[in-house]
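Throughout, read-outs are computed from the coordinates displayed, never taken from laboratory work. Keep in mind the model is a prediction, meaning the values are calculated, not measured. Backbone-built Cβ (ideal geometry, glycine too); neighbour counts: all protein chains shown.
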Protein chains: 2
Amino acid sequence: MPKRENISMSVIRRLPRYYRFLKLLREKGVTRISSTELSAKLGLTASQIRQDLNCFGGFGQQGYGYMVDQLCTEIGNILGLSHAYKAVLIGAGNLGQAIASHLSFETEGFTLVGIFDNADAKIGRTINGLTVRNIDTLERFCNLEKPTMAVLCVPRSAVESLSDRLYALGIRCFWNFSHYDINMKYGDAIVENVHLNDSLMTLCYRITNDPMRTTK
Amino acid sequence: MPKRENISMSVIRRLPRYYRFLKLLREKGVTRISSTELSAKLGLTASQIRQDLNCFGGFGQQGYGYMVDQLCTEIGNILGLSHAYKAVLIGAGNLGQAIASHLSFETEGFTLVGIFDNADAKIGRTINGLTVRNIDTLERFCNLEKPTMAVLCVPRSAVESLSDRLYALGIRCFWNFSHYDINMKYGDAIVENVHLNDSLMTLCYRITNDPMRTTK
């Protein structure tokens with residue numbers, strides 16, 4: 001598949017939503033869907049959906065709608081989900097364990113190959129069939145396995161030196177649950193941040209400033 | 001504090017970042033920061049920061065910069081972090097446990113008062129001092145405790161009926177880790193979605209379509 005450039009992040013961020021929804025339809029045995037139905041279910045305009053899909057060459061026929069299975073597969077290919085990019089996860093605390101399980105069972109596109117921690121109490125434990133390794137063995141492991149992506153579930157204070165080590169090992173892709181801004185230091189890194197606290201603070205703001213609420 | 005309206009979500013979503021960063025500075029003992037320094041550290045222009053803060057009345061003085069402690073406190077107030085909105089968490093699986101611990105230790109603005117699940121194996125277990133309750137007791141508990149917010153860590157298939165129950169109990173605020181779109185049904189609900197799979201699929205797309213990468 002040719003590399004695509006210049007597609008806006010807002011289009012890219014809608015693709016997983018299309019994919020999820022089409023997959024659900026496929027599981028329910030739906031074979032065809034009109035762009036009007038699709039737009040009603042997704043809360044987007046039909047024209048928005050057409051525009052988005054046209055970025056990738058266009059699918060569906062005027063007056064006929066979309067073939068669910070085909071479109072789902074195509075979007076999956078566009079997203080690159082048939083790859084099995086090797087991933088390592090650093091930080092086997094509560095969140096790290098949850099994310100490791102999630103990665104093992106519920107995701108496409110990545111294969112978790114190693115979990116690391118620096119705490120004796122966690123090293124040697126098994127999470128979904130993977131043994132938590134000593135962070136001291138990170139270099140040896142990565143030189144052998146050559147993972148593409150690192151999941152960071154460590155405290156902010158640990159991320160800077162850790163991301164330096166991972167970057168030096170050739171890793172350029174990060175799924176970052178910490179609050180350290182990797183892109184400020186490494187502009188060429190591909191980073192997806194999941195900032196749980198920011199999401200929660202935004203919710204707090206919206207509750208506090210909701211014009212519908214008269215009392216706290 | 002007066003209710004604020006018409007402030008764009010993109011401004012609101014930057015506030016937690018300001019808050020986190022100022023808190024870090026305060027912990028380091030920094031008392032004053034220029035808007036130039038602030039912008040360099042946050043990767044935003046000084047004019048962007050001034051514009052954002054002006055939405056809330058403006059802070060800082062020309063040529064003097066910002067007083068860290070004061071600005072941090074003010075932004076915390078704007079975010080409503082001094083509230084302790086009662087929250088219930090539904091779904092005590094891996095992710096639910098991680099989020100419950102996170103809510104108990106690392107967040108401001110909310111107090112977790114109850115955890116619920118429908119699985120016998122989980123009911124009765126203790127997570128950070130809270131006993132996991134039977135989901136059958138949700139109505140009784142909520143009528144008594146009147147929580148403001150619900151955290152949803154349940155599979156997609158369970159969310160529709162669950163959000164109906166919570167909505168009927170008066171809950172209008174949701175921190176939603178499932179893929180069910182609550183706002184499609186309840187337009188007046190305040191929802192913050194954390195879609196882990198979407199974030200991961202976006203990362204997969206960006207790796208697959210990165211012009212810098214020549215091989216998978």
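Modelled spin labels at B:Arg140 and A:Ala158, positioned 7 Å past Cα toward Cβ, are 4.1 nm from each other. For A:Gln70, the distances from its label point to the matching points in the remaining copies are 6.5 nm, ordered from shortest, with each point set 7 Å beyond Cα toward Cβ. Based on every Cα atom in segment B:3-143, Rg and the maximum pairwise Cα distance Dmax equal 19.7, 62 Å.
Between B:Arg13, B:Arg206, B:Arg125, the residue with the greatest mean-square fluctuation in the GNM of chain B (Cα pairs under 10 Å linked by springs) is B:Arg206. Contact order for chain A, expressed relative to its length and based on alpha carbon pairs under 8 Å spaced 6+ residues apart, stands at 13 percent.
Scanning chain B for the beta carbon that comes closest to the axis linking it by rotation to A yields B:Ala98, 2, distance in whole angstrom. Across the identical copies, the label point of B:Asn118 (7 Å from Cα in the Cβ direction) is separated from its matches by 4.3 nm, in order from shortest. Normalising by the residue count of segment B:84-199, find the relative contact order in percent from Cα pairs under 8 Å and 6+ residues apart. After rounding, I find 23 percent. Select from B:Asn54, B:Asn176, B:Asn118 the residue whose mean-square fluctuation is largest in a Gaussian network model of chain B (Cα-Cα springs shorter than 10 Å). Comparing B:Asn54, B:Asn176, B:Asn118 in the GNM, the peak value goes to B:Asn54. For the protein assembly as shown, DSSP calls about 20 percent of its internal beta bridges antiparallel.
Given the alpha-carbon gyration tensor of segment B:9-78, what are the semi-axes of its equivalent ellipsoid in whole angstrom, ordered largest first, with each equal to the square root of 5 times an eigenvalue? Before the final figure, lay out the partial values.
Details: eigenvalues 50, 38, 29 Å².
Values for segment B:9-78, descending: 16, 14, 12 Å.
Kirkwood analysis of the Cα pair distances in the protein assembly as shown returns a hydrodynamic radius of 23.4 Å. Take each residue of peptide B:168-178, count the partner chain Cβ atoms within 10 Å of its Cβ, and average: the result is 2. Neighbours of A:Thr131 by Cβ distance under 13 Å: Lys/Arg scored +1, Asp/Glu scored -1, total +2. For A:Asn54, the distances from its label point to the matching points in the remaining copies are 3.7 nm, ordered from shortest, with each point set 7 Å beyond Cα toward Cβ. Across peptide B:74-82, the mean count of Cβ atoms from other chains lying within 10 Å of each residue's own Cβ comes to 4. GNM on chain A, alpha-carbon springs under 10 angstrom: the most fluctuating residue among A:Val151, A:Val68, A:Val11 is A:Val11.
Please identify the GluC sites (Glu not before Pro) of segment A:1-92 that satisfy two criteria: DSSP loop assignment and at most 12 other Cβ atoms within 10 Å. Which are they? Write down the numbers at each step before the final one.
On the way: sites: A:Glu5, A:Glu27, A:Glu37, A:Glu74; in loops: A:Glu5.
Answer by residue number: A:Glu5.
Note down the net charge around B:Tyr19, summing +1 for each Lys or Arg and -1 for each Asp or Glu among other residues with Cβ under 11 Å from its Cβ. Spelling it out: positives minus negatives among the neighbours equals +2.
What dipole magnitude, in Debye to the nearest 20, does segment B:84-199 give about its Cα centre under +1 on Lys/Arg Cβ and -1 on Asp/Glu Cβ? Intermediate results must be reported in sequence, preceding the final value.
On the way: 10 positive and 13 negative charges, 53 e Å.
The calculated dipole for segment B:84-199 is roughly 260 debye.
Bridges between two residues of chain B, per DSSP, are antiparallel at a rate of about 20%. Toward the positive end of the charge dipole of the protein assembly as shown, with +1 on the Cβ of Lys and Arg and -1 on the Cβ of Asp and Glu, the farthest Cα among B:Phe21, A:Leu196, B:Val132 is that of B:Phe21. Shown for A:Thr31, A:Thr202: other C-beta atoms within 10 Å of each C-beta, ranked fewest to most, produce the order A:Thr31, A:Thr202. Extending 7 Å from the Cα toward the beta-carbon at both B:Ser104 and A:Leu24 defines two label points whose distance is 3.2 nm. Span-like helix criteria (full DSSP H runs; alpha carbon extent of at least 15 Å along the helix axis; mean Kyte-Doolittle hydropathy of at least -0.5) are satisfied in chain A by A:9-27, A:68-79, A:94-105, A:156-168, A:196-208.
Nearest 500 deg cm²/dmol is fine: what mean residue ellipticity at 222 nm does chain A get from its DSSP H runs of n ≥ 4 alone, each adding -39,500 (n - 2.57), divided by its residue count?
On the way: 9 runs with 98 residues, N = 216.
My calculation for chain A gives -13500 deg cm²/dmol from helical runs alone.
Among the chymotrypsin sites (Phe, Trp or Tyr not before Pro) in segment A:47-102, which ones are in a DSSP loop with at most 11 other Cβ atoms within 10 Å of the Cβ? Mind listing them? Let's see the in-between values first.
Working: sites: A:Phe56, A:Phe59, A:Tyr64, A:Tyr66, A:Tyr85; in loops: A:Phe56, A:Phe59, A:Tyr64.
Here the chymotrypsin sites (Phe, Trp or Tyr not before Pro) that fit, given the DSSP loop and packing criteria, are A:Tyr64.
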